[in-house]
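Presented below is the structure to which this report refers.
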Amino acid sequence: MDQMIVRPGGALQGEIPISGAKNSVLKLMAATVLTPGRFVIRNVPRISDVDWMADSLVALGLVVDWADEHTMTVDATGDITPEAPYHLVEQMRASTALLGALLARCGEARIAMPGGDDFGDRPIDMHLRGLEELGAEIELSHGTIVAKAPRLTGARVVLEYPSVGATENLLLAATRAEGVTVIENAAREPEIADLAAFVNRMGARVVGAGSSTVTITGVDELHSVEHEVIPDRVEAATYLAILGAARGELLLRGARHGDLHLLARKLGDMGMRISPDAAGVWAMATGRPVAVDVATLPYPGIATDYLPMLIALLSVADGTSFATENLFQGRFRYVGELTRMGANIRVEGHHMAVRGVERLSGAPVRAFDIRAGAALVVAAFAAEGETTIHDAHHLDRGYEAMVGRLVAVGADVVGR
Ligand code: EPU
């Protein structure tokens, strides 16, 4: 999709299915590298990041196929070339998750060093240091991380910050290390618990995933498994924010309220009604949102991935909101696009003052990344007139069939 055109209309009404979590499935796919065998992963979202990760696996020598629309098979039986080239890592940073898995299986890995991206510097120093603490020798040579460890050894690794990617890389590496690894100050995101469930099914011994201390007892052998990906909480959050802007009533089928707890409370403070439902999450928005303050934090805090959508919604709230981005301090490029639509937002360092206006004004705007694109969709529903979002292909990286799902609940949206 190149452009997405939104014409705000009436309230939204109906059901939106929530796909499997992007940030879980990408790591589950990396985990298939750990051992020979044929894996079946269910509830896989059809998004372009999954295609990029599949390309990375194929480059390593694995065979990736689709059993049906949302069921992926990965055959990891053949020989593996432990190398993820630059053009794949550059397309998708999550391929760095291959580092720990390749080291565990092959005793070596060569992964192009990822650069910065649209929300600033994104170092992977904690991943590398942790792997060194497990006994890997790592050097950077001509833009490639070269890691070697004939045998990884369990260790106590204290992360400086609960990094999602570092926790996942270390967890994967430690599954086959000799002895016990303890990751302290681990990230607690639901996607990490899903990864631990996947590798535990494979025969790994991981305890405590989803808490700050994850203990992994290395095992000699793992085997392939079948697994169903957890629902995507960021996709659910996006449709909640769109509902807040468009108003109406939605059931987000398959979403897990527990993963969205603080966000649901924040949206509740803004005037929405959100409840767990046997089939997912039910939500209703009837009036103009009320201004609230918000700060991002690692899980279970309000996720950095939610903030662009929340800012878009707060830009039409009654009152002034103060927002703080604590994770990616350069993740503000979307603000300029919201301003073009009439939002009144002032950025100071990593803080923002959002002075709510009655209505935004539809305009041509540009998506710089997945969540920035999602913020513009939210804004478009809070605007008068038509909005054309350019570079909408960013939305395809993380949202399956967004246009169709919105049309099905009564929105006037076209993708082309
Ligand atoms: N950081 C370091 N050094 C490291 C690792 C991280 O300084 O070695 C810093 C980062 O620069 C950042 C903070 O720590 O300031 C958090 O980074 P983290 O490692 O937790 O994030 P990530 O693993 O790179 C994942 C998601 C992101 C999501 C973040 C935070 C995937 C593929 N990506 O990134 O999702 O924003 O966690 O929750 O899982 C998205 O889906 O659009 C997206 C960007």
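The values are calculated or read from the model by the stated rules, or taken from the named source; none is laboratory data. All of these numbers come straight from a predicted model, not from anything done at the bench. No Cβ is skipped: glycine too gets one built from the backbone with ideal geometry, and neighbour counts run over all protein chains shown.
Filtering L26, L12 for residues that are over 20 Å from F381 (Cβ atoms), at pLDDT 95 or above and of a type in the set (A, V, I, L, M, F, W, C) leaves a single hit, L26.
Got a sec? Which of A392, A380, A367 is over 19 Å from the mean Cα position of the chain (by Cα) and either modelled with pLDDT of 95 or more or under 14 Å from R331 (Cα atoms) (or both)? The unique qualifying residue is A380. Could you list, in sequence order, the residues of the stretch 254-305 that are on the phi > 0 side of the Ramachandran plot and either in the same structural domain as A209 (by TED's automatic domain parsing) or not in a strand (DSSP E or B) (or both)? Across the stretch 254-305, the qualifying residues are G254, G271. Residues that are without any contact (Cβ under 8 Å) to a residue 24 or more places away in the chain and more than 12 Å from P36 (Cα to Cα) were ranked within the stretch 65-86; the one that is farthest from the ligand (Cβ to nearest atom) is D68. Of A204, A193, A155, all but one fail to be in contact with an Asp or Glu (Cβ under 7 Å, 6 or more places away or on another chain) and either within 30 Å of G330 (Cβ to Cβ) or touching a residue at least 12 places away in the same chain (Cβ under 8 Å) (or both); the exception is A155.
Of the strands (runs of 3 or more DSSP E) lying entirely inside the stretch 92-192, the ones with 3 or more residues being away from the ligand (no atom under 13 Å from the Cβ) and farther than 30 Å from L307 by Cα are found at 108-112, 137-141, 144-148, 180-184.
Within the stretch 317-342, being more than 16 Å from the ligand (Cβ to nearest atom), surrounded by 22 or more Cβ atoms within 10 Å (Cβ to Cβ) and under 21 Å from the mean Cα position of the chain (by Cα) holds for no residue. Being crowded, with 24+ Cβ neighbours inside 10 Å and assigned to a loop (DSSP other than H, G, I, E, B), is that true of even one residue in the stretch 21-38? The answer is yes; a qualifying residue exists.
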